[in-house]
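None of the figures in this text is laboratory data; all of them are computed from the coordinates on show. Since this is a predicted model, take the numbers as computed values, not measurements. FYI the Cβ positions are ideal-geometry reconstructions off the backbone, even for glycines, and counts take in every protein chain you see.
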Amino acid sequence: MSTIRSAFLLATAAVTLSACDEPAPRYRKNQAPAPAAAGPPPAPAERAGPVAWDDARQAFVMNGRPMKAARLFTFDNSTEGWTAGGGVVLKPAKGGGLSIANFAADPILLSPKGLAIDGAHNPLVVIRLTRLAPGAAWSGAIFYLNAAHGPTEQFHGKPADRKDPAVNETVTLVYDMSQLTAGGRDWTNSTIDQLRFDTDDAGGGKFLIRQIAVTDNPAVAAPP
């Protein structure tokens, strides 16, 4: 028995020594895959419409024809007298455009007074903008002031395209102020003193207002 026991102990010792010569197994903890490198942000998309901005001409065009603007605001290095209520007007962006950030209910953007626009010959308001941040429900209404009234609900226009601008989407909004639902021909019978533009119905939204124009309508004959 002692001989058998000795042989067993020698065999066990040999196995133990052999195991000590083996390298310890390596174990890796589960790791999340490395995030993919961030690419450049997507370029803002521009929604197609009947009116577009022609940068070379520095004018809006309809069906390839430039529109004659009684007033054109491009906000190159200046707010051009526009102010905000319920929001803040930021410095014009590099390359033009007016940045606005809304923080209160019913934020508005006001033009300077004294525009003296002949409504009969300039029935269209055109606004090109990019939404930079989401906000409340989209309004997109244009109000105006003349010698007879202020910016009341009866005298306002809505764009032909009512779809809410998406974040990073550029849209050109066209308002035919000769076709007011409630105000009839008040615009075309007036000299327009000031404009008011409503973006969202509450705070949170941010926009880049690229150009605003009050223009003729090249699609119809101008009134005499």
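With the requirement that a residue be more than 18 Å from Ile142 (Cβ to Cβ), surrounded by fewer than 17 Cβ atoms within 10 Å (Cβ to Cβ) and hydrophobic (A, V, I, L, M, F, W, C), what does segment 94-117 give you?
Passing the criteria: Phe103, Ala104, Ala105.
Against the conditions (1) part of a strand (DSSP E or B); (2) surrounded by 18 or more Cβ atoms within 10 Å (Cβ to Cβ), where does Trp187 fall short? Just the number, please.
Result: Trp187 passes all but (1).
Which condition number in (1) under 19 Å from Asn217 (Cβ atoms); (2) in a strand (DSSP E or B); (3) of a type outside the set (Val, Ile, Thr); (4) touching a His at 6+ places or on another chain (Cβ under 9 Å) is the one that Arg196 fails?
(1)
Testing Asn63 on (1) surrounded by 13 or more Cβ atoms within 10 Å (Cβ to Cβ); (2) more than 17 Å from the chain's Cα centre (by Cα), one condition comes back false. Which one is that?
The failed condition is (1).
Tell me which residues, restricted to segment 126-146, are within 13 Å of Leu195 (Cα to Cα) and either surrounded by fewer than 21 Cβ atoms within 10 Å (Cβ to Cβ) or aliphatic (A, V, I, L, M) (or both).
Correct list: Val126, Ile127, Ala141, Ile142, Phe143, Leu145, Asn146.
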